[in-house]
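Colleague: Pasting a structure here, questions to come.
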Amino acid sequence: MDARLEAVRDTVLARNPGEAEFHQAVVEVFESLGPVHDRHPEFLEAAILERLCEPERQIIFRVPWTDDSGRVQINRGFRVEFNSALGPYKGGLRFHPSVYLGIVKFLGFEQIFKNALTGMPIGGGKGGSDFDPSGRSDAEVMRFCQSFMTELYRHIGEYTDVPAGDIGVGGREIGYLFGQYKRITNRYESGVLTGKGISWGGSLVRPEATGFGTVIFTEEMLKTRGSSFDGQRVVVSGSGNVAINAIAKAQALGAAVVACSDSSGYVVDEAGIDVGLLRQVKEVERGRLKDYVLRRSGVSYVEAGSVWDVDATVALPCATQNELDGGAAARLVRNGLLAVGEGANMPSTREAVAVFQEAGVLFGPGKAANAGGVATSALEMQQNASRDSWSFEHTEQRLTDIMVGIHDRCASTADEYGEPGNYVLGANIGGFVKVADAMLAQGLI
Ligand code: NDP
Ligand code: 2IT
């Protein structure tokens, strides 16, 4: 890493002890930014990097609620409002027992660059809670969401901060959160949250957008090698919102998706995952992947194993951070991997990314490849602001144009900085320069 940036990195790491995921995200970005600072010494002089790594505001709050047996439960809520140079803070809420400040900050930090790459007027933020929704009734989830919003409402707003979903937060949770916001504020402020239901201010394509966008981005990478999804053997990790829609889109483009997973194990379905059945099990019944196997023949289930043991020509990690390590990457490469598109945020460890890049595998980092979700959230905000609703076809075309645009911006930035095909470099520099320019123009913020 560039020596000038090393000093800044060391300060940032020391200022934020015990936040391993945040450190990882910061170091990965810093490793790309040396050449930018050669061209733009004004960024160093104005301490843009130091400012970027310090969130504008961090909110941590108590979330008390009662479970179905009447017992009081306490969780911790977070919202990190990281950077508003390009627009209101924008980013999802994650409900998962692993959530702590270091996870929220890594996600918020990534979101700054991702949102800049979309070309939409959105800043970066992220939030969530260590609440575990698994096994909880709808009534418990509702009471939790109402309590969470009872604090969060004072910090958000359509021009301030616009949360959405992430792990453990989907249409059901956004509904409960929106209802409580409306009740407290007495405002039908549609643009305060995205991922809403279609009859109350949501956008068509938002549920599909992250998974679809990841596949569209990966298709663009494949095209640079004269290839496409058609005929590829694809493995997807996860079986939630992003994974299911990535599977659907990859298969629509002619690929066979032969495996997917949840945190308990993975399924191998050589005939290609039946997306209709998967949606029924996961989205309608809120069941486990194991239930998919019980209803389909010729399918195997591996308890507790790694889905990355299954050979693939295209890998789409769509579950969680650091789920694909260097050993898994090396095995995939040995067995003929061509491309990786990250649907999740930071699913590949730094070792895994190095293995992919050294082997010449096309590698689309999450902040570029999964930006379709937040981009379509920005389209939802646009529809809310104009009190309009667009057709599926129109919205999907906008998403496609945005993803192709992000791909091309990453590729041309990598070319410009002398590293053709390095999408990590392209995404980091492309996102950074946009935010840095805006911060410089806005004075000492
Ligand atoms: P969901 O909650 O819908 O699904 C998450 C999936 O990942 C589930 O299959 C879950 O399995 C699995 N998973 C979660 N945590 C772990 C873990 N620690 N170990 C193994 N598997 C795990 O979330 P999404 O699909 O929305 O999010 C998936 C990823 O995509 C996340 O990284 C998220 O940040 C990212 N993302 C999401 C966007 C969105 O619009 N929703 C936008 C951009 C990125 P189980 O059910 O067993 O926990
Ligand atoms: O990681 C992400 O980009 C998201 N979870 C989506 C954020 C959003 O505001 O739609």
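Just so you know, all these numbers are worked out from the coordinates, no wet-lab data involved. For clarity, every value in this text was computed on a predicted model and none was experimentally measured. FYI the Cβ positions are ideal-geometry reconstructions off the backbone, even for glycines, and counts take in every protein chain you see.
Colleague: Measuring from label point to label point, each 7 Å out along Cα→Cβ, what is the Ile60 to Leu294 span in nm?
Modeller: Each label point lies 7 Å from its Cα, and together they span 4.1 nm.
Colleague: Want the number for Ser391 to Val302: 0.36 nm per residue separation, take away the alpha-carbon distance, what's left? Display every interim value, and only then the final one.
Modeller: Values: separation 89, 0.36 × 89 = 32.04 nm, distance 4.05 nm.
Gain on stretching Ser391 to Val302: 28.0 nm.
Colleague: Sticking with this structure for a sec: Using 1/(1 + (r/R0)^6) with R0 = 25 angstrom and r between the beta carbons of Leu444 and Glu158, what's the FRET efficiency to the nearest 0.05?
Modeller: Values: r = 27 Å, r/R0 = 1.06.
Computed FRET efficiency for Leu444 and Glu158: 0.40.
Colleague: Put a dot 7 Å past each Cα toward the Cβ at Arg187 and Arg334; how far apart are the dots in nm?
Modeller: So the label points at Arg334 and Arg187 sit 5.8 nm apart.
Colleague: Let me ask something else about it. Over the chain, what is the percentage of antiparallel beta bridges among all DSSP beta bridges, to the nearest 5?
Modeller: Of the beta bridges lying entirely in the chain, close to 55 percent run antiparallel.
Colleague: Under DSSP H, which helices of the chain have Cα atoms covering 24 Å or more of the helix axis and a Kyte-Doolittle average no less than -1.0?
Modeller: Membrane-span-like by this criterion, though nothing is claimed about a membrane: 101-118, 206-223, 392-416, 423-441.
Colleague: Rg/Rh for segment 340-396: what does it come to with C-alpha atoms and Rh from Kirkwood?
Modeller: Values: Rg = 16.2 Å, Rh = 13.4 Å.
Taking Rh as the inverse mean 1/r over Cα pairs, Rg/Rh reads 1.21.
Colleague: Report relative contact order for the chain in percent, whole number only (criteria: Cα-Cα under 8 Å, sequence separation at least 6). Walk me through the numbers on the way to the answer.
Modeller: Numbers: 925 pairs, mean separation 69.6, N = 445.
About 16 percent, as a whole number.
Colleague: Can you tell me, using C-alpha contacts under 8 Å and at least 6 residues apart, the relative contact order of segment 141-193 as a whole percent?
Modeller: RCO, segment 141-193: 50 percent.
Colleague: Where in segment 162-221 are there chymotrypsin sites (Phe, Trp or Tyr not before Pro) that are in a DSSP coil and have at most 15 other Cβ atoms within 10 angstrom of their Cβ?
Modeller: Working: sites: Tyr176, Phe178, Tyr181, Tyr188, Trp200, Phe212, Phe217; in loops: Tyr188.
Listed in order of number, the matching sites are Tyr188.
Colleague: How much FRET efficiency would the formula 1/(1 + (r/R0)^6) give for Ile74 and Arg172, where r is the Cβ-Cβ distance and R0 is 30 Å, rounded to 0.05?
Modeller: 0.85
Colleague: If you project the alpha carbons of segment 174-234 onto their three principal axes, what span does each projection cover, largest first, in Å?
Modeller: 55, 18, 15
Colleague: Computed FRET efficiency, Cβ-Cβ of Asp325 and Ala46, R0 30 Å: what is it to the nearest 0.05?
Modeller: 0.20
Colleague: Run lengths n ≥ 4 of DSSP H only: what is the helix-derived mean residue ellipticity at 222 nm for the chain, with -39500 (n - 2.57) per run over all residues, to the nearest 500?
Modeller: -14500 deg cm²/dmol
Colleague: Continuing with the same structure: With a cut-off of 8 Å between alpha carbons and a minimum separation of six or more residues, what is the relative contact order of segment 172-297 in percent?
Modeller: 16 percent
Colleague: On to the next question. Note down the Stokes-Einstein diffusion coefficient of segment 11-82 in µm²/s, whole number, using a Kirkwood radius over alpha carbon pairs, 20 °C, and 1.002 mPa s.
Modeller: It diffuses with D of about 141 µm²/s by this estimate.
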